[in-house]
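A.B. asks: Can you keep this structure in mind? I'll have questions shortly.
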Amino acid sequence: MGKYDGLAKMIVQNVGGKENITGLAHCITRLRFRLADESKAQTDVLKQTDGVVTVVQSGGLYQVVIGQQVGEVYDAVIKAGHLESLVAPSREEDTGAEGNKNLVAQFVSVVTSVFVPLMGLLCACGMLKGICAAAAQLGWLDAGGGAYAIWYNAGDAMFYFLPVMIAYTSAKKFKLNEFTGLLIGLVMCAPAIVALGSGEAIGSVLGSDYQATFMGIPIILPKNGNYTSSVLPAIVAIWAAAKVEKWLKKKVPDVVKSFILPFLVLVITLPLLFLIIGPITNYLAVGLGFMANSVFNFAPWLEGVLMGTGWQIMVIFGLHWGIVPIRYNNFAVLGYDTLQTPHFAASFAQTATVLAIGLKTKDKKLKGQCSACAISGIFGVTEPAIYGITLPRKLPFVISCIASGIGGGLIGAMQLRCYSGGMGIFALANYINPENGDMSNMVKMVIAILISCAVSFVLTLILYKEKEPEKAAQTADGAERGQAAVSGSTGTEVMVSPLTGKVMNLNEVEDEVFAGGVLGAGCAVVPDEGAVYAPFSGRVIVSEGMRHAISMVSDTGVEVIIHVGMDTVELKGRYYETLVKDGEQVHIGQRLMNFDIGKIREAGYSVVTPVVITNSAAFSEVAMAADDGGHIESGGELLKITK
């Protein structure tokens, strides 16, 4: 019997059995299952299973985090479940795996892919509009001056041309040529198209006036007369264009494909957009917005309690992205949103809970984690706090949800309006009315946040009790997790950077497993050179089949994972070249891998590279030696590891 056969059988059984598994792959730390029905999986049992670090459910994938032994566990799972026929290419366009997701997972996957790249810029532009309006109202900025015109319109342009941005990110998601996607978005915002809605009506269909026709067919525009600031029409139009392009690629000769293909895509897609997709999606968007706001108007305080209490739970499962289109539809139709506003206190309540734990705990390591997570939470990123601190301890997470519900109820009762999306403390500016600079919404929001934080902080101090330290959990092979052989000497070891680029705090990484410290402490590097070098002298313990990542153990027992990019396992090794073999002894500074930064980004993947000490528990402290946000050369001091 193999070393991991018992663990493999436990995993197969608790993901719902062989018949529930529709796909299986692995990256350098995780088994990545596609399940027919995720509700059949016994997630709590798996999380308590020796050999399993945690379980993450996101975007239609059921991810069982194992650690560096994942390759061996993967082989054992294949054998235990007789799953050889399911091992297939992992790219969704090659396997049709997207179709294996349920409708909710597909919807969340699309919305996440479309909106996540834009969220930072949307927040920034909303802040810019709000701050400019407030500054003009207070007399700090001349509303008729050039500075106001430039800054305010810089923020406003993002929302005016939102279909262009949406078209680009949708094109990347649906595998349409990005420039074709951009052009479709630009046509939606073109001055001549916008002008169509301002002319005199020549007829009416289903209660909607129209000002022009396409070969005799009415062109029905949105109620506001144009597609600027819209969301759903662009997403569906790009999806349709991608289908058209895929079909035409098989028909158009290669010799003329470079210009005939986009020509035909535009000729076919644009009439579909303005005659069918646009009217249907706009009726749908108006209907969704009306229903959502009707619920809010019926009992705003109750909607606020439900939204506030449930927000962090939705974040765990990625379901919060499902509300994003309704919110931005409200921005486009109404100019503001009240539906999603009650969630705003949630990140601050979570932060207050973490601060209370940090104040109460005697564990120095936990105090440090709480400080880092609190800083992240203040700026609206709470995944590290949720996954790393409150959720594993259960009661603090419940307390934060209760406090969020109280804050949400207050926000709902006051019917506070948000004029742009965003998160964290800087997004408070998005509650300033951009038309007249009225800041009353923002002041009331601050009051609701402070009440929510006070409830969360006080309840945590009173109710949370720290457990006595437990013995290290036993993994499937009988060894204590995280207790690799380390040097008996005391002192601090410095690990140099394996890459050249910008240093990032690990909790800023857009992957909850890395950001939450589940795999260990460390940091990340955004590389500007496509090469990975050995951060110390030691042995390569993982590389075969995992060309996007390198794992090593140093001569003194430090174990590290260098994971080049986010979700780059989907590239199946393309654009990567591994220069070493499993088990090979290497020296510090030796080149281990080459990778093509440009092509990886062009394929739609981030090159942010976590550098994680996977046996952090074996050391008293793992800290950054480099400056967060600073530039580092390969070979520069990156991490300090205290024994």
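The values are calculated or read from the model by the stated rules, or taken from the named source; none is laboratory data. This one's a predicted model, so the numbers in the text were calculated from it and none came from an experiment. Here the Cβ is made from the backbone with ideal geometry for all residues, glycine too, and neighbour counts use every protein chain on show. SASA here: full protein model, heavy atoms, side chains in, ligands and nucleic acids out. Shrake-Rupley method; radii C 1.70, N 1.55, O 1.52, S 1.80 Å.
A.B. asks: Beyond 27 Å between alpha-carbons counts as too far, so tell me which of LYS394/LYS444; LYS18/LYS394; LYS360/LYS394; LYS172/LYS257 fall in that bin. Walk me through the intermediate numbers first.
C.D. replies: Details: LYS394/LYS444 30 Å; LYS18/LYS394 31 Å; LYS360/LYS394 16 Å; LYS172/LYS257 20 Å.
Cα-Cα > 27 Å for LYS394/LYS444; LYS18/LYS394; rest within.
A.B. asks: Can you give me the relative contact order of the stretch 494-620 as a percent, contacts being Cα pairs under 8 Å and 6 or more apart?
C.D. replies: Numbers: 280 pairs, mean separation 40.7, N = 127.
Value for the stretch 494-620: 32 percent.
A.B. asks: May I pose another question? If you roll a 1.4 Å probe over the stretch 556-618 with all protein chains in place, what percent of the accessible area is carbon or sulfur?
C.D. replies: Details: 1180 of 2470 Å².
That share works out to 48 percent.
A.B. asks: Let me ask something additional. For a quick check of understanding: with a 1.4 angstrom probe and all protein chains in place, what accessible area in square angstrom does TYR328 have, to the nearest ten?
C.D. replies: In the full protein context, TYR328 sits at about 10 Å².
A.B. asks: Something else about it: Regarding the stretch 517-607, what are the three Cα extents along the principal axes, ordered largest first, in Å?
C.D. replies: Extents along the principal axes: 38, 28, 23 Å.
A.B. asks: Another question, if that's okay. Can you work out the Karplus-derived ³J(HN,Hα) for every residue in the stretch 515-520? Use 6.51 cos²θ - 1.76 cosθ + 1.60 with θ = phi - 60°, whole Hz, and x for glycine or proline.
C.D. replies: For the stretch 515-520, the Karplus curve yields 4, x, x, 4, 8, x Hz.
A.B. asks: If I ignore ligands, DNA and RNA and count only protein heavy atoms, how much of LYS599 is accessible to a 1.4 Å probe, in Å² to the nearest 10?
C.D. replies: Probe radius 1.4 Å; accessible area of LYS599 about 100 Å².
A.B. asks: Taking R0 as 35 Å, what's the FRET efficiency between ASP5 and LYS175 from their Cβ-Cβ distance, rounded to 0.05? Each step should come with its number before you reach the end.
C.D. replies: Values: r = 39 Å, r/R0 = 1.13.
The computed FRET efficiency comes out at 0.35.
A.B. asks: Using a cut-off of 23 Å between alpha-carbon atoms, which lysines can reach LYS502, once sequence neighbours fewer than 8 places away in the same chain are excluded?
C.D. replies: Cross-link targets: LYS599, LYS640.
A.B. asks: Sticking with this structure for a sec: Given a 1.4 Å probe, how much area per residue of the stretch 119-187 is accessible, in Å²? Display every interim value, and only then the final one.
C.D. replies: Working: 3150 Å² over 69 residues.
Per residue, the stretch 119-187 has 46 Å² of solvent-accessible surface.
A.B. asks: Determine the order of SER452, SER606 by accessible area, beginning with the largest, at a probe radius of 1.4 Å.
C.D. replies: Working: SER452 0, SER606 50 Å².
Heavy-atom accessible area, descending, gives SER606, SER452.
A.B. asks: Note down the accessible area of THR460, probe 1.4 Å, to the nearest 10 Å².
C.D. replies: Accessible area, nearest 10 Å²: 0 Å².
A.B. asks: Only Cα pairs under 8 Å and at least 6 apart count here; give the relative contact order of the stretch 182-273 as a rounded whole percent.
C.D. replies: Answer for the stretch 182-273 is 23 percent.
A.B. asks: Based on the Cα coordinates of the stretch 344-418, what is the per residue volume of their convex hull in Å³? List each step's numbers first, then the result.
C.D. replies: Details: hull volume 5.6 nm³, N = 75.
Dividing the Cα hull volume of the stretch 344-418 by its residue count gives 74 Å³.
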